[in-house]
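First the structure, in the form of structure tokens, and then the observations on it.
The values are calculated or read from the model by the stated rules, or taken from the named source; none is laboratory data. Just so you know, these numbers come straight off a predicted model, no measurement behind them. Neighbour counts run over all protein chains shown; Cβ positions are idealised from the backbone, glycine included. Accessible surface is based on the protein model in full, side chains and every heavy atom, while ligands, DNA and RNA are left aside. Shrake-Rupley method; radii C 1.70, N 1.55, O 1.52, S 1.80 Å.
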Amino acid sequence: MLVAAGVALQGVPARAEALPLATMSCRIEAGSGRLLCTVNVAAPPGRGIVWSDALVVAAPSAARALRSRAASTSERPSQVVLAFVLGGGAGGRIAVVSRAVACPLAPRAGACTPLTSRVGYDFQPPG
């Protein structure tokens, strides 16, 4: 009985998968030996992001996270900047879990809701 329910749920597309909630872009900061990655969170229609953070869950040896968690600022609640120290070793996938809180826009009707999204970046050491 559980197997049938599991198969039925797999056939139903989730609305969250249609539009990515978060994106991540990275660039090497010239002369600093650091990789800076920016995670941007998009709010669903009719809502605004009031807080977000990003958790580094995996990183290659060539890019070590300065901090495994960083939070947004009050000026830019939908954006989080992560910094990585570049070193020796192999490149690979940087995996991040983005969390956010989205609240209704004015007039505020309804409750705020949590959002979670996974993003990543394939890092190759310069050379």
If we scan region 71-80, do we find a residue that is β-branched (Val, Ile, Thr) and either part of a loop (DSSP other than H, G, I, E, B) or loosely packed, with under 12 Cβ neighbours inside 10 Å (or both)?
yes
Note: among ALA59, ALA109, ALA90, ALA83, just one is open to solvent by 40 Å² or more (accessible area, probe 1.4 Å) and modelled with pLDDT of 95 or more, namely ALA59
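So that you can scan it fast, the table gives a plain yes or no per residue for (1) touching a strand residue (DSSP E or B) at 6+ places or on another chain (Cβ under 9 Å); (2) basic (Lys, Arg); (3) closer than 30 Å to GLY33 by Cα:
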| residue | (1), (2), (3) |
| --- | --- |
| THR73 | yes, no, yes |
| GLN79 | yes, no, yes |
| VAL85 | yes, no, yes |
| ALA102 | yes, no, no |
| LEU105 | yes, no, no |
| ALA109 | no, no, no |
| SER117 | yes, no, yes |
| PRO126 | yes, no, yes |
Would you mention how many residues in region 31-67 are farther than 15 Å from GLY92 by Cα and part of a strand (DSSP E or B)?
15
Tell me, yes or no, whether region 2-23 has at least one residue that is of a type outside the set (Gly, Ala, Ser), crowded, with 18+ Cβ neighbours inside 10 Å and modelled with pLDDT of 95 or more.
no
Taking region 93-105 and keeping only residues that are surrounded by fewer than 16 Cβ atoms within 10 Å (Cβ to Cβ) and within 20 Å of PRO126 (Cβ to Cβ), one is left with ARG93
Going through region 112-127 one residue at a time, which ones are in a strand (DSSP E or B) and surrounded by fewer than 17 Cβ atoms within 10 Å (Cβ to Cβ)?
THR113, PRO114, THR116, ARG118, GLY120, ASP122
Quick one: how many residues across region 45-56 are open to solvent by less than 40 Å² (accessible area, probe 1.4 Å) and farther than 18 Å from VAL97 by Cβ?
1
Which of the residues belonging to region 29-41 are within 15 Å of PRO125 (Cα to Cα), modelled with pLDDT of 95 or more and surrounded by fewer than 21 Cβ atoms within 10 Å (Cβ to Cβ)?
ARG34, LEU36
